[in-house]
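Below you'll find the structure, written out as structure tokens, and then a few comments.
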Amino acid sequence: MNNEPGTRIGVVGCGYWGSKHVRVLHSVPSVDSVVMIDEMGDRLRALARSYPADLCFPSVAEALPHVDGLVIATPPTSHVDIALQAIDAGKNVLVEKPLATTVSGAHRLIEASKAAGVILMAGHTFEYNPAVWKLRDLVRSRELGQLYYLDSARLNLGLYQRDVNVIFDLAPHDVSIINYVLGEHPLAVQAWASHHAHPAFEDVAYLRLFYADETLSANIHVSWLDPSKVRRVIAVGSKKMAIYDDIAEERIRVLDKGISVPVEAASLTQPPMSYRYGDIVAPFVAPDEPLMVQDQHFAECVRTGATPLTNGKSGLAVVEVLAAAQASLRVGRPVLIEEVAGELTKA
Ligand SMILES: NC(=O)c1ccc[n+]([C@@H]2O[C@H](COP(=O)([O-])OP(=O)(O)OC[C@H]3O[C@@H](n4cnc5c(N)ncnc54)[C@H](O)[C@@H]3O)[C@@H](O)[C@H]2O)c1
């Protein structure tokens, strides 16, 4: 029997997403106690009915002495202040996406966690998703041939947020997936967005990511104002194409289709291209729940002191792309990542 004391993890923000963290953390063997924190008493009372043995607190300050690590699942604009409070108390933190809503905020978290010697992890859940691992393998092994582009769509009716637009709410997922699959970060971002039903926050947005390799691009469409729920990434290569649909039964499909031989340009009597239609294969994808894999990894990092796979740096890389997209909306042109990275010196 293992008598080692287990890890104590707090969850601040027990709303829609935080309550899912509370559920999965109860199944992580190395987690000894889950501490629930929310300033809304009714949220805590509702959860306490399912987990009567857990400690509950209305504030982070009261909970900190009882935790080794804190999951921060409050609205995005509160992430930095709450994470700094926990880091200053010597606690490890897992911050939900986006890590911060400004580049300078993300830098402050990285520096503070380094100074305090604690773990800073970004809640990039999709990087713990076996379907995304499979997509990455397909791209990195060049099974698709030379990758032409990635196209990501995350659409639904809602859920509108109170403190950020659709870019900061939904696109962190797409950007983290794209960064992870490609293993590189974009050089620049161009964005178009518009607000329709919301008076201030953009509810529909399109982002284009540019890379050092000019033959490669990635596109992101995010929307809170769409009739259908879509969670899809398409990878188009010179040999094959792949579709990752997170809400389909077969989450990854590899399509052996594409352009076979370009017809000679001079031949005006022939179609300009010929097409190849081959098999469609749905490879096995492990059914593991990504949030469970992610929270298990956080608990393990807290226990061992290991650096998380999605550390502060990967959180910052996503925030930089979001900030560049936001700046692109203002200036109406592509914005280099290095232009927003310079925001640090102005902060
Ligand atoms: N990784 C994912 O797939 C995923 C999915 C959904 C949401 N999220 C993220 O989770 C976070 C929360 O989103 P949500 O939809 O659950 O929001 P929500 O509004 O449903 O819940 C937020 C909760 O935080 C509480 N809260 C706010 N400030 C607090 C404070 N200072 N102290 C204590 N409690 C406080 C509120 O009372 C509320 O209960 C966001 O950062 C969001 O981006 C991530």
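Each reported figure results from applying straightforward, stated rules to the coordinates on display, with no laboratory input. Owing to the predicted nature of the structure, the values given are computational and were not obtained by experimental measurement. A quick note on method: Cβ atoms are made from the backbone with ideal geometry, for glycine too, and the neighbour counts reach across all protein chains shown.
What the table below lists for this structure:
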{"item": "Helix-only CD estimate at 222 nm, as mean residue ellipticity for the chain, using -39500 (n - 2.57) per DSSP H run (n ≥ 4)", "result": "-10000 deg cm²/dmol"}
{"item": "FRET efficiency for Trp192 and Met273, using Cβ-Cβ distance with R0 set to 25 Å, rounded to 0.05", "result": "0.30"}
{"item": "Kirkwood Rh in Å, taken over the chain so that all alpha-carbon pairs contribute", "result": "21.5 Å"}
{"item": "Charge dipole magnitude, Cβ of K and R +1, D and E -1 - segment 201-347, Cα centre, debye nearest 20", "result": "240 debye"}
{"item": "Lys, Arg +1 and Asp, Glu -1 on Cβ, resulting dipole of the chain about Cα centre, debye, nearest 20", "result": "360 debye"}
{"item": "Alpha carbon convex hull of segment 29-159, volume per residue in cubic angstrom", "result": "182 Å³"}
{"item": "Above-threshold pairs, the threshold being 30 Å between Cα atoms, out of Lys20/Lys239; Lys257/Lys313; Lys97/Lys134; Lys97/Lys240; Lys134/Lys257; Lys20/Lys114", "result": "Lys20/Lys239; Lys257/Lys313; Lys97/Lys240"}
{"item": "Cα gyration tensor category, rounded, prolate or oblate, for segment 127-281 with a/c compared to 1.5", "result": "prolate"}
{"item": "Burial ranking of peptide ranges 161-171, 135-145, 44-54 (average Cβ count within 10 Å, highest at the top)", "result": "161-171, 135-145, 44-54"}
{"item": "Cα-projected label distance for Arg142 with Val331, points at 7 Å along beta-carbon direction, nm", "result": "3.6 nm"}
{"item": "Extension gain (nm, one decimal) between Val281 and Tyr160, 0.36 nm per residue minus Cα-Cα", "result": "39.9 nm"}
